[in-house]
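Q: Supplied in structure tokens, the structure appears directly below.
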């Protein structure tokens, strides 16, 4: 399989994966393009692997973690949807829910966030996640457990803030 054939088949999924991992469309494009550039240089060796997609996913995760370590990017925070206090739900409610999920995920440490995205978006097993993150299955389970606890706590706090403002 050529690199172009691989991209034709896998780019939409990799784009969703990078977007969920970073929580920012523009950063996702940067991370994915940097990872694909690095992978393209070694494609002759990668294409012979049993699971080239898993290798590319790991490259995306590594690029994300590397960029997180080197510099925090400036981010803008969206307006609080409660400010507009609508009586009827509309399409913006879906955007607000998606923003809440992104903010909750952004609050997780990078390894936990990567584990959550790999499990719940990419539907990977503990072993597949461990291979992608370069850790043990037990560590993956620990990351997921801590992430779920942190997300529950953050969602509870977020819900209390919403009720307190109205």
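Q: Could you give the Stokes-Einstein D for segment 1-72 in µm² per second, using the C-alpha Kirkwood radius, 10 °C, 1.306 mPa s?
A: In µm²/s, the coefficient is 129.
Q: What nm distance separates the two modelled labels at residue 149 and residue 98, each placed 7 Å from Cα along Cα→Cβ?
A: Here the answer is 3.2 nm between the modelled labels.
Q: Between residue 127 and residue 2, take the C-beta separation as r, use R0 = 45 Å, and let me know the FRET efficiency to the nearest 0.05.
A: That pair, residue 127 with residue 2, gives E of 0.95.
Q: Sorted from largest down, give the three principal axis spans of the alpha carbons of segment 91-166, whole angstrom values.
A: For segment 91-166, the Cα extents along the three principal axes come out at 45, 24, 15 Å.
Q: Based on the Cα atoms of segment 89-132, what semi-axes does the equivalent ellipsoid have, where each is the square root of 5 times one gyration tensor eigenvalue, given in whole Å with the largest first?
A: 26, 12, 5
Q: Please sort 2-13, 111-122, 140-151, 21-32 by packing, taking for each peptide the average over its residues of neighbouring beta carbons within 10 angstrom, highest first.
A: Descending mean neighbour count gives 111-122, 21-32, 140-151, 2-13.
Q: Which FRET efficiency value, to the nearest 0.05, do you get for residue 120 and residue 41 by plugging their Cβ-Cβ distance into 1/(1 + (r/R0)^6) with R0 = 22 Å?
A: 0.10
Q: Provide the gained length on full extension for the span residue 106 to residue 50, in nm with one decimal, where the gain is 0.36 nm per separating residue minus the Cα-Cα distance.
A: 16.9 nm
No lab work stands behind these numbers, since they all come straight from the coordinates. Worth saying up front: this structure is predicted, and the values here are computed from it rather than measured. Heads up, the Cβs are rebuilt from the backbone with ideal geometry, glycines too, and the neighbour counts pull from every protein chain shown.
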